[in-house]
Structures are given as structure tokens and as C-alpha cells.
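The values are calculated or read from the model by the stated rules, or taken from the named source; none is laboratory data. In this text the structure is predicted, and so the values were computed from the model without any measurement. A quick note on method: Cβ atoms are made from the backbone with ideal geometry, for glycine too, and the neighbour counts reach across all protein chains shown. In case anyone asks, the SASA skips ligands and DNA or RNA and just uses the protein heavy atoms, side chains included. Shrake-Rupley method; radii C 1.70, N 1.55, O 1.52, S 1.80 Å.
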Amino acid sequence: MNIRQELERKLIHLSSLWMVFAIYFFDKTQALIFFGSLLIIFFVLEYLRMTNEIVGKLASRFFQNIMRPRETVQKFSFRALTGSFYFILAVFLSVLLFSREIAIVAVLIMVISDTIAALVGKSIGKVRIYDKTLEGSVAFFVTTYVILLVAQFELSHIHIFLIALIVTLVELTANKIKVNDNLSITLCSGFLIAILSNSPLMLTY
């Protein structure tokens, strides 16, 4: 995928920041119903895209430039589900498992850090690591560190460094171990913040 296609894909990624506002303004029950409904809708659309010829052709026509090769198969497979589905799944699970503050920061890391890493890696990345670049990973680490610093959880600088480093490694190796990075980045961020800041999970909003 070239830099233009990656930019188009990541602009869609960034447009999903409205979900952060939804997490902020909804209470927990409202958020779970809203994102749960979105998740069901996306799954049905994904199933139809992979099993129905007409829907598949429409999806290819409008989104072919930003779809990865594994997302274009015409046979149902969890591996072929698009990043958008896993994005919604990650948001839903964040709302389910974490406090509002942790869910918001975990989703912000997934959206902003991943976007900046991809754009830096595609534009100036030279040193290859697996299917990504050292430059992109450094950009991911720095962005994640800044987000955690601004979030003002009860975390020391060492804890912030550790979270940023671990999540960066998760992002770097996600494709290698065949785990969707939208899901792994978000859940890893949330659990690490909760554990290291001594914040209990399953908090009501």
C-alpha cells in the first residue's frame, strides 16, 4: 500500500475520533448499547461483503484502494474482517472493561499513535523491522508517551515509559503474530494503564 493509499486509510481512521466523544458523553449502558449495535451492524455488512457477490463488488468499487489484500477475499473468514470491524470491537471492549478515562485514552492511542506511526513509516521509514519500520515505531512510542503524559493518570514517568514501550512492541509485532493491531493496541493500553495506575476495571461511568 503506497503513501497515498495509507493516508486515505488513516484519514478514515482519524475520522473515528468522534467515538471518543461518544464514550465521554454516554453513560456506560448507553455506550455499550450504541457500540454493541454498531458492532452487530458492521459484522452483518462484513459477512455480506465476503459472501454476497453484489455487496462484495460494491465494497470493492468504493473501498478497494484502501483495503488490504487479506480484506478482499470473497469467502467468510475472521482474518478477512476489515480493520473497521476490529476498531468497533476494540471500542466496545474498552467501554465494557475499563473506566471512561482509561477507555478514552486507550482509543486515542489506537487512533492517533497508530496513524502517526503509519504515516511516518510510509513517508520516511528506511530501517525495516518485520513489515514495519524503526522510524514508524519510534513515532508510535513518542506519540503514546505524550498521550499518557497529558492524560495525567497516577503514573510515574517510568510507568509511562514502560506502557509506551510495551504497546509499541505490540503494534510492531501484531501482523507477525496475526493479531489485529486495532484490538491489541487498545486492550493492551487499557490493561497496562489500569494495572500500573491501580485503577479497578469494570468501573461505572
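Solvent-accessible area per residue for segment 134-205 at a 1.4 Å probe radius, Å²?
51 Å²
Report the local net charge at G190: Lys and Arg +1, Asp and Glu -1, summed over other residues whose C-beta lies under 15 Å from its C-beta.
Summing Lys and Arg as +1 and Asp and Glu as -1 gives -2.
Name the shape class, rounded, prolate or oblate, that the alpha-carbon gyration tensor gives for segment 94-197, where a ≥ b ≥ c are the square roots of its eigenvalues, rounded holds for a/c under 1.5, and otherwise prolate holds if a/b is larger than b/c and oblate otherwise.
prolate
Any idea how far apart K57 and L11 come out in nm if each label point goes 7 Å out from Cα toward Cβ?
2.8 nm
Of the heavy-atom accessible surface of segment 79-138 (probe 1.4 angstrom), what whole percent is carbon and sulfur?
68 percent
What distance in nm separates the two pseudo spin-label positions at D27 and L96, each 7 Å out from Cα along the beta-carbon direction?
2.1 nm
Order the peptides 131-139, 182-190 from the highest to the lowest mean number of other Cβ atoms within 10 Å of their residues.
So the peptides 131-139, 182-190, ranked by packing, come out 182-190, 131-139.
For the residue pair S123 and L169, what label-to-label distance in nm results when each label sits 7 Å from Cα along the Cα-to-beta-carbon direction?
Label at S123, label at L169, 2.9 nm between them.
Of the listed peptides 152-160, 43-51, what is their order by residue-averaged count of other C-beta atoms within 10 Å, with the highest listed first? Display every interim value, and only then the final one.
Values: 152-160: 13.4, 43-51: 15.9.
Ranking the peptides 152-160, 43-51 by packing returns 43-51, 152-160.
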